[in-house]
Amino acid sequence: MTTTPPGTDLRERRRLATQAEIEQVALDLFARNGSERTTVDDIAAAAGVSPRTFFRYFATKEDAALGANRAFDAALARRLEERVGASTSLADLEDCIADVLAALSAEAGSIERMLRVRCLVIEDAGLRGALLRLDAEQTVAFFARVAAATGASTVDLRTRVVAETLGAGLRAALDDWAARREQGEDADLVATYRRTCGVLRDVTTA
């Protein structure tokens with residue numbers, strides 16, 4: 001899943017299209033064979049690129065399936081940059097996340113790819129490990145963005161609690177949404193996230 005910022009030139013759009021194609025192929029192969037039985041050569045051949053080209057886009061085969069997570073993180077980073085110095089509250093940050101989820105939901109194919117990734121990592125230990133590593137890398141930057149958006153001079157205890165609360169709510173919402181979609185429900189991701197935020201608020205004020 002690749003979110004294309006406005007004003008992207010033709011060369012960059014082609015690069016993003018190639019990246020999205022490799023991601024889609026990787027997801028298809030992982031869903032069919034599992035990540036352990038899928039090689040970089042398999043993904044490259046199915047995508048019609050060389051292994052060398054594959055490694056221009058991704059460091060590992062597992063990374064190729066996590067485009068949804070990277071796209072979400074990049075889009076949220078851009079959204080939070082708009083809030084720097086605005087003394088943003090927890091509710092404001094939840095609105096930022098909901099806005100990004102809504103934008104991704106409106107992008108053709110994006111929501112389906114996000115759902116596939118969420119379901120795959122539940123069953124695939126290799127992908128689950130890769131996702132945990134990516135989350136760990138993104139968390140440091142996310143803490144700094146939350147600090148900047150809330151007016152904190154450093155990543156203090158309050159910033160960590162706010163960021164961890166946001167992360168827990170988002171993960172719970174994604175898991176609930178994926179489970180309901182897998183059961184055949186026409187669950188809406190943004191509505192699920194909003195409901196999760198409400199539940200989290202009830203839990204913390206009880």
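The values are calculated or read from the model by the stated rules, or taken from the named source; none is laboratory data. All of these numbers come straight from a predicted model, not from anything done at the bench. We place every Cβ from the backbone using ideal geometry, glycine too, and count neighbours over all the protein chains shown. Accessible surface is based on the protein model in full, side chains and every heavy atom, while ligands, DNA and RNA are left aside. Shrake-Rupley method; radii C 1.70, N 1.55, O 1.52, S 1.80 Å.
Observations on the structure shown:
- All positions within the range 102-122 that are out of contact with any Ser or Thr (no Cβ under 9 Å at 6 or more places or on another chain) and within 30 Å of R158 (Cβ to Cβ): A102, R118
- The lone criterion from (1) part of a loop (DSSP other than H, G, I, E, B); (2) touching a residue at least 24 places away in the same chain (Cβ under 8 Å); (3) surrounded by fewer than 19 Cβ atoms within 10 Å (Cβ to Cβ) left unmet by A59 is number (2).
- Considering I122, I111, the condition of being more than 14 Å from the chain's Cα centre (by Cα) and part of a helix (DSSP H, G or I) is satisfied by I122 alone.
- Selection from the range 104-135 of residues that are open to solvent by 60 Å² or more (accessible area, probe 1.4 Å) and hydrophobic (A, V, I, L, M, F, W, C): A106, A108, I122, A125, L132
- Where a residue in the range 101-117 is more than 13 Å from D28 (Cβ to Cβ) and its partner, wherever it lies, is open to solvent by 50 Å² or more (accessible area, probe 1.4 Å), with Cβ under 6 Å and at least six apart: L115/R181
- Hits in the range 166-184 - residues which are over 22 Å from V146 (Cα atoms) and either among the polar types (S, T, N, Q) or open to solvent by 80 Å² or more (accessible area, probe 1.4 Å) (or both): E182, Q183
- Qualifying positions in the range 1-20 - surrounded by fewer than 15 Cβ atoms within 10 Å (Cβ to Cβ) and either at pLDDT 90 or above or farther than 20 Å from L104 by Cβ (or both): D9, L10, R11, R14
- Residue match in the range 72-81 (condition: open to solvent by 70 Å² or more (accessible area, probe 1.4 Å) and either free of Cβ contacts under 8 Å to residues at least 40 places away in the same chain or assigned to a loop (DSSP other than H, G, I, E, B) (or both)): no
- Selected residue (only one of V100, V25 is of a type outside the set (S, T, Y), more than 30 Å from G198 (Cβ to Cβ) and surrounded by 19 or more Cβ atoms within 10 Å (Cβ to Cβ)): V25
- Count of the range 136-165 residues, restricted to those that are touching a residue at least 40 places away in the same chain (Cβ under 8 Å) and either in a loop (DSSP other than H, G, I, E, B) or open to solvent by less than 60 Å² (accessible area, probe 1.4 Å) (or both), is 10.
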